[in-house]
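The values are calculated or read from the model by the stated rules, or taken from the named source; none is laboratory data. Just so we're clear, the structure is a prediction, and the values are computed from it rather than from any experiment. With ideal geometry, Cβ positions are generated from the backbone for all residues, glycine too; neighbour counts draw on all protein chains shown.
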Amino acid sequence: MSYLELLKLASPEAIVVITALVVLAIGLTKSKSNVMVTFLAAIGLALAAGAVLKLPENATLFHGMLVISPLNSLFKVICLAFAFVTVPLVAVEKSQRNTGEYLAMLLLGTVGLLLLVGSEELLMIFIGLELLGLSLYVMAAFDKTDLRSAEAGLKYFLFGSTASAFTLFGISLVYGMSGTTTLAATAQKFGAGGSVEPLLAAGIVLTLVGFAFKIAAAPFHLWAPDAYQGAPVPSAAFIASGSKVASFVVLGKIVLIGFAPVHGSAAWHGMIAGWSPVLAALAALSILLGNFVALVQTNVRRLLAYSAVAHGGYTLLGLVAGSRDGFSATLFYTTIYALTLVGAFAVVGLVKRETGGDDLQNFAGLATRSPVAAACLSTFMLSLAGLPPFAGFFGKFYLFSAALRAGGNYGLLWLVVVALFGSFVSLYYYLIVLKVVFVDRAPEVQPVPPAPRASHAVAAATMAVLAASVFLLGILPQSLAALIGRSLP
C-alpha cells in the first residue's frame with residue numbers, strides 16, 4: 001500500500017492533527033485570536049467528519065491497527081460531533097485563557113478518540129488511550145486561576161497513570177497467553193484453549209480495571225467528582241461525553257470480540273468464571289454507590305459526577321448481556337447519555353458565568369433569569385432520570401430489556417432490579433435540582449455581572465440544539481438505534 005492510499009484512509013485523523021497544529025500556531029502568534037481559532041477548530045472537525053463519510057465501507061490496515069467499518073465510522077462521526085459541540089462552550093468560558101492552546105489540546109484528544117474507536121489491536125488501543133488521557137489531564141488543569149482545577153488535573157493524572165499501568169500489564173498478560181494483540185486472533189487462541197487459566201484471568205481483570213477507570217465505574221471512580229467539579233466546564237463536558245463514548249465502544253470490542261470465548265456468566269442461578277461476572281459486579285456497585293452518594297451533593301457538577309458513576313453502571317448492563325442487542329443498547333445509551341451531559345454542562349457553564357458558582361444555590365431563580373436555560377436543564381435532568389418522552393427513557397428501556405433477554409431463565413434479573421432501584425433513587429436528586437431552578441427564589445444581589453449578549457446567545461443556541469436533540473431522540477429513538485443496529489456486524 002502506498003503512502004497516499006494510507007493517508008486517504010487515515011484522512012480524518014490527519015485533518016484533525018493539521019487543524020490542531022494550525023490552531024496552536026495562530027494562538028501563539030496572535031494575541032487576539034479567540035474567534036479565529038474557535039472558527040478554525042469547528043471547521044476542522046466538520047471537515048474530518050466529512051472525510052469519515054467518504055471512507056470505504058470496510059478496510060483493515062496493519063493487522064487491525066486501523067480498521068474501517070460501518071460501526072467505527074459511525075462512532076468516529078459521533079466523537080467528532082461531541083468535540084464540535086464542546087467548542088462553543090470554550091468560546092463562552094469566562095475564565096478561559098490561551099484559547100488556541102486549549103483548543104489544540106481538545107483536538108489532539110479528539111485524535112485519541114478516533115484512534116480508540118478505529119482500532120481493533122490492543123497496542124494501538126493503548127496508544128489511543130494515552131493520547132486521549134494526556135490531553136485530558138492538561139485540559140482538566142488548564143485554569144491557572146483556580147486551585148481546584150490544578151487539584152482536578154493532578155488527581156486525574158495520578159489515577160489515570162495508575163490505571164494505564166494496570167491496562168498495560170493486563171495487555172501484556174493477554175499477549176503472553178495468546179501470542180497476539182489483534183482482537184480477532186486473540187479470540188481464536190482463547191477459543192482453542194478451553195478453560196480460563198490463572199494468568200489469563202489476571203490479564204482480563206487488569207485490563208478491565210483500566211477501562212473501569214475510564215468509564216468512572218466504582219470503585220475506580222475516585223477521580224471523577226474532583227475532575228468534574230474542578231476542571232473548566234468545557235473540559236468536564238468533553239471528559240463526560242467523547243471520552244466516555246469511545247471507552248464504551250472499545251470496551252465492548254475487547255470483551256465481545258477479543259475475550260468472547262471467556263465470557264462466563266453473571267446469571268443468579270449459574271455463575272461461571274469470566275469477564276461477565278466482573279463487569280456485573282462493577283455495574284451493581286456503580287449503580288448503588290453513584291446514586292446514594294449523589295443524594296447528598298450540594299454542588300451540581302459533583303452531583304453530575306456521581307450520576308455519571310451510576311450511569312456507567314447502567315451502560316455496563318448491555319455488555320454483561322453479551323449479545324448483539326446488548327452491545328447495540330450500550331452504544332445507544334452511552335451516546336444519549338453523553339449528549340445529555342454535554343447539554344447539562346452547557347447550562348452549568350452559563351450559570352457559573354452569571355453567578356460565579358455552580359452550587360445548587362446558584363441555580364435558584366434560573367427560570368426567572370433565563371427561561372431557555374431552565375427549560376433546557378429540565379429536559380436534560382428528566383432524560384437523565386429516565387422519564388418519557390425523553391431519550392433517556394428509551395435508552396434505559398432498551399438496556400433493561402436486552403439484559404432480561406440475555407441467557408436463559410432471566411438470569412440477569414437481579415442486575416436489572418438493582419438498576420431499576422437505582423433509577424428510582426436518582427429521581428430524588430434530579431428533581432431537587434429542578435425544584436431549586438423553578439421554586440426557590442434567587443438571591444437579591446448577584447456577585448458577578450451577567451454575561452455579554454454574544455456569549456449568552458452562543459450558549460443558549462448550543463443548549464437549545466442539544467435539548468431539542470434529546471427530545472427528538474426520545475420521540476424517534478429508531479433514528480439512532482437503527483443506525484447503530486445496521487452498523488454492527
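What do you reckon, is PHE394 among the hydrophobic types (A, V, I, L, M, F, W, C), in contact with a Ser or Thr (Cβ under 6 Å, 6 or more places away or on another chain) and buried (at least 24 other Cβ atoms within 10 Å of the Cβ)? Outline the logic, then answer.
Numbers: among the hydrophobic types (A, V, I, L, M, F, W, C): yes; in contact with a Ser or Thr (Cβ under 6 Å, 6 or more places away or on another chain): no; buried (at least 24 other Cβ atoms within 10 Å of the Cβ): yes.
Judged against the criteria, PHE394 is not a match.
Checked against the criterion of being assigned to a loop (DSSP other than H, G, I, E, B) and either touching a residue at least 12 places away in the same chain (Cβ under 8 Å) or within 23 Å of VAL458 (Cα to Cα) (or both), region 7-21 has at least one qualifying residue. Restricting attention to region 1-44, the residues that are touching a Gly at 6+ places or on another chain (Cβ under 7 Å) and not hydrophobic (A, V, I, L, M, F, W, C) add up to 3. Looking across ALA231, ALA201, ALA184, ALA192, one residue alone is among the aliphatic types (A, V, I, L, M), modelled with pLDDT of 90 or more and at negative phi. It is ALA231. Using the structure shown, decide if LEU319 is under 20 Å from the mean Cα position of the chain (by Cα), crowded, with 24+ Cβ neighbours inside 10 Å, among the hydrophobic types (A, V, I, L, M, F, W, C) and more than 27 Å from VAL138 (Cα to Cα). Yes; evaluated as a whole, the condition is true for this residue. Taking region 23-42 as the range and being under 16 Å from LEU108 (Cβ atoms) and surrounded by fewer than 18 Cβ atoms within 10 Å (Cβ to Cβ) as the test, the residues that pass are ALA25, ILE26, LEU28. Is it true that some residue in region 56-63 is within 27 Å of ILE239 (Cβ to Cβ) and in contact (Cβ under 8 Å) with a residue 60 or more places away in the chain? Within region 56-63 (the criterion being within 27 Å of ILE239 (Cβ to Cβ) and in contact (Cβ under 8 Å) with a residue 60 or more places away in the chain), the answer is no, since none of the residues qualifies. Residues that are of a type in the set (Val, Ile, Thr) and surrounded by fewer than 14 Cβ atoms within 10 Å (Cβ to Cβ) within region 1-22 are absent altogether. Among the criteria (1) out of contact with any Cys (no Cβ under 8 Å at 6 or more places or on another chain); (2) among the hydrophobic types (A, V, I, L, M, F, W, C); (3) within 27 Å of GLY50 (Cα to Cα), the one VAL117 does not fulfil is (1).
A quick yes/no check of all residues on (1) under 30 Å from THR182 (Cβ atoms); (2) in contact with a strand residue (DSSP E or B) (Cβ under 7 Å, 6 or more places away or on another chain):
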| site | (1), (2) |
| --- | --- |
| PHE84 | no, no |
| LEU107 | yes, no |
| LEU113 | yes, no |
| GLU121 | yes, yes |
| ILE125 | yes, no |
| GLY128 | yes, no |
| GLY133 | yes, no |
| ASP143 | no, no |
| GLY153 | no, no |
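Of the helices (runs of 4 or more DSSP H) lying entirely inside region 267-380, those containing at least 2 residues that are aliphatic (A, V, I, L, M) and closer than 24 Å to LEU413 by Cβ are 275-294, 300-321, 324-355.
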